[in-house]
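Notes for the one structure printed next.
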Amino acid sequence: MVSSFLNCFTDDMCTCRLGGGYLFGLPVGFVADSIGATIGATAAFLLGRTIGKPYVISKLKDYPKFQAVAIAIQRSGFKIILLLRLVPLLPFNMLNCLLSVTPVGIVEYMLASWLGMTPITFALAYVGKGYS
């Protein structure tokens with residue numbers, strides 16, 4: 001659950017996911033890291049949707065391309081979020097904030113985020129297990 005806190009407030013998720021594999025081994029470390037990353041991403045999403053929404057929107061109004069992304073998410077939210085998580089072009093914390101101001105639902109966001117973060121979470125837990 002340390003992963004949840006770190007995901008919400010820092011950008012050092014690799015260390016945390018490596019630590020899960022190192023401390024608990026691959027199966028337990030992977031499950032713990034996966035749960036923690038999803039909870040942390042959801043917490044950051046909810047903070048962005050409530051407290052941080054005015055700030056995020058004020059920063060995005062200068063980027064008209066983001067409107068196109070928001071429209072795409074409105075049409076195919078699950079698929080777009082899944083692809084954004086699978087191909088991490090943006091840091092996950094930034095992605096959490098950006099997605100918080102789109103019309104995607106919380107359940108759709110959580111499921112797509114969890115599935116999209118699974119490969120990198122597994123890979124990092126596997127590498128972390130190798131250090132033990």
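Details
- Listed conditions (1) of a type outside the set (D, E, K, R); (2) assigned to a helix (DSSP H, G or I); (3) in contact (Cβ under 8 Å) with a residue 24 or more places away in the chain are all met by ILE71, apart from (3).
- Every residue from segment 73-108 that is of a type in the set (Phe, Trp, Tyr) and either in contact with a helix residue (DSSP H, G or I) (Cβ under 6 Å, 6 or more places away or on another chain) or farther than 11 Å from ALA41 by Cβ (or both): PHE78
- Subset of segment 60-75 (residues that are surrounded by 13 or more Cβ atoms within 10 Å (Cβ to Cβ) and either more than 20 Å from the chain's Cα centre (by Cα) or over 16 Å from GLU108 (Cβ atoms) (or both)): LEU60, PHE66
- Residue list for segment 1-31, filter: modelled with pLDDT of 75 or more, among the hydrophobic types (A, V, I, L, M, F, W, C) and either surrounded by fewer than 22 Cβ atoms within 10 Å (Cβ to Cβ) or not in a helix (DSSP H, G or I) (or both): LEU23, PHE24, LEU26, VAL28, VAL31
- Of the criteria (1) farther than 16 Å from ARG17 by Cβ; (2) at pLDDT below 90, which one SER132 fails: (1)
- Residue in segment 81-88 that is under 25 Å from GLY19 (Cβ atoms), in a loop (DSSP other than H, G, I, E, B) and either without any contact (Cβ under 8 Å) to a residue 12 or more places away in the chain or in contact with a Cys (Cβ under 6 Å, 6 or more places away or on another chain) (or both) present: yes
- In segment 34-57, the residues that are surrounded by 16 or more Cβ atoms within 10 Å (Cβ to Cβ) and among the charged types (D, E, K, R) reach residues that are in a helix (DSSP H, G or I) and modelled with pLDDT of 90 or more with C-beta atoms within less than 8 angstrom, at least six apart or across chains, in these pairs: ARG49/SER100.
The values are calculated or read from the model by the stated rules, or taken from the named source; none is laboratory data. Bear in mind that the values here come from a model prediction, so they are computed numbers and not experimental data. So basically every Cβ, Gly included, is an ideal-geometry build from the backbone, and we count neighbours across all protein chains shown.
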